[in-house]
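The values are calculated or read from the model by the stated rules, or taken from the named source; none is laboratory data. Quick caveat, the model's predicted, so the values are computed rather than measured. Ideal geometry is used to build each Cβ from the backbone, glycine not excepted, and the neighbour counts take in all protein chains shown.
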Amino acid sequence: MTALGFLYPGHSGEDDYPRIEQLLGSDIRLDLVHTDIGEDAHRVDALLRMGAPERLAAGVEELRRSGAESVVWACTSGSFVRGWDGAHEQVRSLARAAGMPASSTSFAFAHAVAELRVRRVAVGATYPDDVARLFADFLRAAGAEVTGVCGAGIITAAEVGTWGGEQVLALAREADRPDAEAVLLPDTALHTAGHLPQLEKELGKPVLTANQVTVWEGLRLVDRRVNAPELGALFLREPLVQA
């Protein structure tokens, strides 16, 4: 049994994780610990507080007791908002506190883009435009070319968590660009685990979503590979890079 640990802020799209666990169809357990979200707001100051070291460290002991072998901070905006260097320090601090390999959803996106060997990506973010642009900056720091950024302007994760499949698909369509090799949907509050085959069929290219890449990153940290077609192109390829 491989046990993966995730620190998830608040309660919005966390039911993607048991769905993904089921779709993995193997001896993999996904253990989720909820962190204190503080103020639910896609606003830079609130996001910086949400990902503060003491908030992440508070959930680490429970993951250790569960037998987790790696831990991923399952929040995109609460990591990239710190910038490339700040997000690295956040992960280093989490690894020290947890005593195990650690990462975040922001780095999961960067590693997944490299895994698929794509360079040009389009972003469909639920966030306000200023926060969405910070994610694009993070991707550029990772070496990606961002061909377009579409922000939905939603302030709270709670509202994002109410979105259904049609809204997710509409965001992906709006974000897509003809020259983009993949479309990225960066919000772990967004339910996407049940929509990945449809998204990729409609767009005709890989679609990377926050909870999907977060689980893939947890597996990458422990050198596990699972073939899971229902989780999209990312789960159909052999690993190409190691961080």
- Note on the structure: In the range 127-153, residues that are surrounded by fewer than 19 Cβ atoms within 10 Å (Cβ to Cβ), assigned to a loop (DSSP other than H, G, I, E, B) and within 18 Å of the chain's Cα centre (by Cα) total 3
- Query: Name the residues in the range 1-18 that are over 20 Å from residue 42 (Cα atoms) and buried (at least 17 other Cβ atoms within 10 Å of the Cβ), would you?
  - Reply: 2, 3, 4, 5, 6, 16, 17
- Message: I want to confirm something. Restricting to the range 211-229 and keeping residues that are of a type in the set (Lys, Arg) and touching a helix residue (DSSP H, G or I) at 6+ places or on another chain (Cβ under 8 Å), which single residue is surrounded by the fewest Cβ atoms within 10 Å (Cβ to Cβ)?
- Response: 225
- Spot the failing condition for residue 238; the list is (1) loosely packed, with under 12 Cβ neighbours inside 10 Å; (2) modelled with pLDDT of 95 or more; (3) charged (D, E, K, R), and only one is missed. (2)
- For the range 39-83, the count of residues that are over 18 Å from residue 6 (Cβ atoms) and either in contact with a Cys (Cβ under 7 Å, 6 or more places away or on another chain) or not in a helix (DSSP H, G or I) (or both) equals 7
- Message: For the structure I just gave you, tell me whether residue 208 is buried (at least 21 other Cβ atoms within 10 Å of the Cβ) and modelled with pLDDT of 95 or more.
- Response: yes
- Query: What number of residues in the range 60-81 are closer than 15 Å to residue 14 by Cβ and β-branched (Val, Ile, Thr)?
  - Reply: 2
- Message: within 16 Å of the chain's Cα centre (by Cα), part of a strand (DSSP E or B) and polar (S, T, N, Q): is that true of residue 103 in this structure?
- Response: yes
- Message: Checking the condition at pLDDT 95 or above, acidic (Asp, Glu) and out of contact with any strand residue (DSSP E or B) (no Cβ under 8 Å at 6 or more places or on another chain), which residue from 174, 202 passes?
- Response: 202
- Message: Among the residues that make up the range 207-219, is at least one of them part of a loop (DSSP other than H, G, I, E, B) and either among the charged types (D, E, K, R) or touching a residue at least 60 places away in the same chain (Cβ under 8 Å) (or both)?
- Response: no
- Could you say which residue among 189, 180, 193 is buried (at least 24 other Cβ atoms within 10 Å of the Cβ) and either in a loop (DSSP other than H, G, I, E, B) or on the phi > 0 side of the Ramachandran plot (or both)? 189
- Query: Is it true that some residue in the range 12-29 is closer than 23 Å to residue 162 by Cα and modelled with pLDDT under 90?
  - Reply: yes
- Note on the structure: Cβ pairs under 6 Å, 6+ apart or interchain, first in the range 145-159 and in the same structural domain as residue 124 (by TED's automatic domain parsing) and touching a residue at least 60 places away in the same chain (Cβ under 8 Å), second surrounded by fewer than 19 Cβ atoms within 10 Å (Cβ to Cβ) and of a type in the set (A, V, I, L, M), ordered by first then second residue, are 155/41
- Identify, from the list 185, 94, the residue that is under 22 Å from residue 12 (Cβ atoms), in the same structural domain as residue 68 (by TED's automatic domain parsing) and either under 17 Å from the mean Cα position of the chain (by Cα) or not β-branched (Val, Ile, Thr) (or both). 94
- Within the range 14-21, identify whether any single residue is under 17 Å from residue 189 (Cα atoms), in contact with a Gly (Cβ under 8 Å, 6 or more places away or on another chain) and either assigned to a strand (DSSP E or B) or of a type in the set (Lys, Arg) (or both), and answer yes or no. yes
- Scanning the range 22-38 residue by residue, the ones that are more than 19 Å from residue 80 (Cα to Cα) and assigned to a loop (DSSP other than H, G, I, E, B) total 3
